[in-house]
Structures are given as structure tokens and as C-alpha cells.
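Each reported figure results from applying straightforward, stated rules to the coordinates on display, with no laboratory input. Bear in mind the structure is a predicted one, so any value in this text is a computation, not a measurement. Methodologically, a virtual Cβ is constructed for each residue, glycine included, from the backbone with ideal geometry; neighbour enumeration extends over all protein chains shown.
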Amino acid sequence: MTREVGESPAEGDTPSPEYRHLYVHVPYCARRCSYCDFAIAVRRVVPWEAFARRVAGELARRVGAPLAAPLATVYLGGGTPSRLGPDGVAALCAVLRQAGAWAPGAEVTLEANPEDVTPEAVAAWARAGVNRVSLGVQSFSPVLLQWMHRVHDVEASVRAARLVRAGGIASLSVDLIFATPAPLARDWEAEVGGLLGLEPDHVSLYGLTIEERTPVARWQARGAVDPASEERYADEFLWLHERLEGGGFVHYEVSNYGRPGHRARHNSAYWQGVPYLGVGPSAHGFDGSSRRWNLSAVTAWERAVDEGQDPVAGSERLTAGNREAEAVYLGLRTVDGLPVRPDEEGLVGRWIAAGWMVPIPSVGGGAGRVRCTPEGWLRLDALAADLTAVRSRW
Ligand code: SF4
């Protein structure tokens, strides 16, 4: 990839893309979880007014006049956006509506941690337009929640899910982490029982990876924890897949499960490769030809915005090869799959025989498509690299 670090993609030089999707990174957290290396700021008192003002400042600099087309999705991620509190979420949503109208039926997601969910907060979120809450539950094991340095306990997750429902939020997503290191034991029947007991519409399932400069990495360095083996990672992933599909969910993307009508529309936009705006520290954006990413240190982002600068940290213009590689990777991530070209049929046929892919019946006689099976998703990076290598020879 060609990379022009420090230089903003040529906004102004090229026609403004039609952004229909907006991501805001809200960096505040109550404390840092043991496995987390995200761009966050631990704050006891969250400066929500200053944050909303700075988001307004970044949007004004980046898009100027209100967006031409109404937004189809808005995603408040983090960090912990629910730490903004009822007033902070309302203020932030008001700022976002000034930058661009929200389409009727727009999907508006707020990531929330269970300890922040109160009847007053849910009512304020709903009034502000939030219609989807993604709840950071992660586990139903009290021991594991403590090990993760999470603030909430199991009861808080149950209470939060009930309040989100009672508050009229249309869609509830729950995050769960698997492949946690040994010697932490998981009772997977209890975990899945707890998860299904919340009656979520959507589940995001993440395998834990040990990132540098996190407490878990330090515990690993001194021999206190062992990463999950590849075999255990695969066993847990496949077992969870079976249980969730048995519970009425469709495994529609490598990490995501939805009940009918509850696929994440915002994330689906990423997987379809369409333009999206990203604001806030460390946020990424895509204008249809270039990617950009913001300064990740919260104070550096704040300073840049306060000084009227673009808080961009870097950008890259995608070459035709980049786009092809990305189309393969993104295509293989979801059940929508990928069209197979004639000279790939031998390779893909071997993957089908191995049980890593299945054909998708073609409609109207078009090119045949394939999609990964769960066993294929366990090999996603390798399969995407092999297919990209074939395509690069054209
Ligand atoms: S709440 Fe989320 S973003 Fe914040 S420290 Fe924990 S894992 Fe990281």
C-alpha cells in the first residue's frame, strides 16, 4: 500500500463522497480492562460538554456544510460511550444531527457498559434517537469479570438488558469474549445460558488476543497465564457457533450473529467497502478511495481540534491491488460470500471438499459464489491471502 502518513486524503481536491455512515469514537472508560489496548482515557468525571464541542469542531472542519445525504447509520463506539451519561449522549447526538440529518429508520447504536445502564439513561438515549444498544457483557463468570478488570458483575448485565428492553430500545446486541487464557476455566453451558437468558437480538463473539503493553501481556511474560491454544480457540468457536445457531441466530459474519432483521447495518457498511466518516480519537474513515485514521492519544486529538487542525494521524490511498485484496477479505467475512472466477475453481473446489467453503446457488445464471463455513472462518486470513495471490497474477 502507498502510505502518506501525516497527510490528510485530498478532501477538497476530489468530489466529496456521499457519506451515509458515521462512527464516533468516545474514548472515556471507568478503568482499563486487563486485555484492552484501545485509545481510551480513564476519567472519573467525563468532560461530555467539551467532547461534544470538539466532535462538532472536527465535523465542521472535515465536512463543512451539512452532509448532502441523510445518514443511514450512526455508531457511538469506544471506549465507553455510555460514560457520557444521559446529558452527554443527548448533547453528542444533537451535534451529529447538525452535521447531517438522520434518515427515517436510521440505525443508531450506542455501546454501553452494564454499570452505566439506568432507567433515566435509557430514556435519554431513546429520546436522543438511539435505537440499538451494544452491551459489553463479555462473560457470565464472576471470576473472569474480575480478571478482566470489568466494573460490572453478572447481576448488572441481567439488570442492564432488562432496562434496555423496558426502555423501548429496538435492538439489543451483547458482546462475549472466548478463548480466554489458561488457567481460567470457563463453564460454557453457564456462559451460553446467561447469554441466551438476556434474549439479545444480536451477539458479537470475540476471541481474546493478547496485545502488547496490557496487563494480560505482563501476566503472560511472567508465566501467570497461557494464551488459548489454536485447538481450544477452534473448539470454543465451533461449539459456540453450534449453540448460537441452535438458539435461532444466524452466523452472518465471522464474529457476528443476528436474529432475522437484526444484522448490524453499520458494520455491514464496512464489510461492503462503502464510504464512512470516522471522528474522535483513533477513529478511521474511508472516502471511497483513501483511508484515514485520527490521532489516537486523546490529548493529542483534543489539542489538534482545539487549534483548528485536522486531527489526522495518517492516510493511505488504496491501489487497485489493495482494493482487490480487501474485496476478497471482506467478501469472505460474511455469508454473502464472493463470486468465483474460472481460474479459481480448482483452488476453491479443494476448499469446498475440505469443508471450509460452500457454494451459494447462483440466481439468474450469474457467476457462482462461495462463502466460508465456520471451519473456513477459522482460516480466514490464510484463505483470503491465497485467493488474493491468485488474483494478483491476472
Ligand atoms: S470498557 Fe472497553 S474500551 Fe474501555 S477499557 Fe474496557 S475493553 Fe477497553
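Okay, here's what the table says:
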{"item": "Volume per residue that the Cα convex hull of the range 257-394 spans, once the total is divided by residue count, Å³", "result": "149"}
{"item": "Full-extension gain in nm, residue 272 to residue 98, via 0.36 nm per residue minus C-alpha separation", "result": "60.0 nm"}
{"item": "Packing-based exposure ordering (other Cβ within 10 Å, fewest first) of 299, 109, 388", "result": "299, 388, 109"}
{"item": "Neighbour cut-off at most 11 other Cβ (10 Å), DSSP loop, GluC sites (Glu not before Pro), the range 301-386", "result": "307"}
{"item": "Estimated vicinal HN-Hα couplings, Hz - the range 69-85 in sequence order (Karplus 6.51, -1.76, 1.60; Gly, Pro = x)", "result": "10, x, 6, 8, 9, 10, 10, 9, x, x, x, 9, x, 5, 5, 5, x"}
{"item": "Per-selection Rg to Rh, the range 169-306 - Cα, Kirkwood hydrodynamic radius", "result": "1.04"}
{"item": "Neighbour-count ranking [beta-carbon atoms within 10 angstrom, fewest first] of 225, 89", "result": "225, 89"}
{"item": "Percent of Cα pairs exceeding the 35 Å cut-off, where the set is the chain", "result": "29"}
{"item": "Kirkwood Rh and Cα Rg combined as Rg/Rh, the range 125-238", "result": "1.02"}
{"item": "Antiparallel DSSP beta bridges within the chain, as percent of all bridges there, nearest 5", "result": "45"}
{"item": "Calculated P(r) tail over 12 Å for the range 182-242, as whole % of Cα pairs", "result": "75"}
{"item": "The range 320-392: radius of gyration and largest Cα-Cα distance (Dmax), Å", "result": "11.3, 31"}
{"item": "Over the range 320-392, relative contact order from alpha-carbon pairs under 8 Å, at least 6 apart, %", "result": "38"}
{"item": "Relative contact order for the chain, counting Cα pairs under 8 Å that sit 6 or more residues apart, in percent", "result": "19"}
{"item": "In the range 176-241, chymotrypsin sites (Phe, Trp or Tyr not before Pro) in a DSSP loop with at most 15 other beta-carbon atoms within 10 Å", "result": "none"}
{"item": "Sparse-neighbourhood loop sites, chymotrypsin sites (Phe, Trp or Tyr not before Pro) in the range 72-126 - DSSP loop, at most 10 other Cβ within 10 angstrom", "result": "none"}
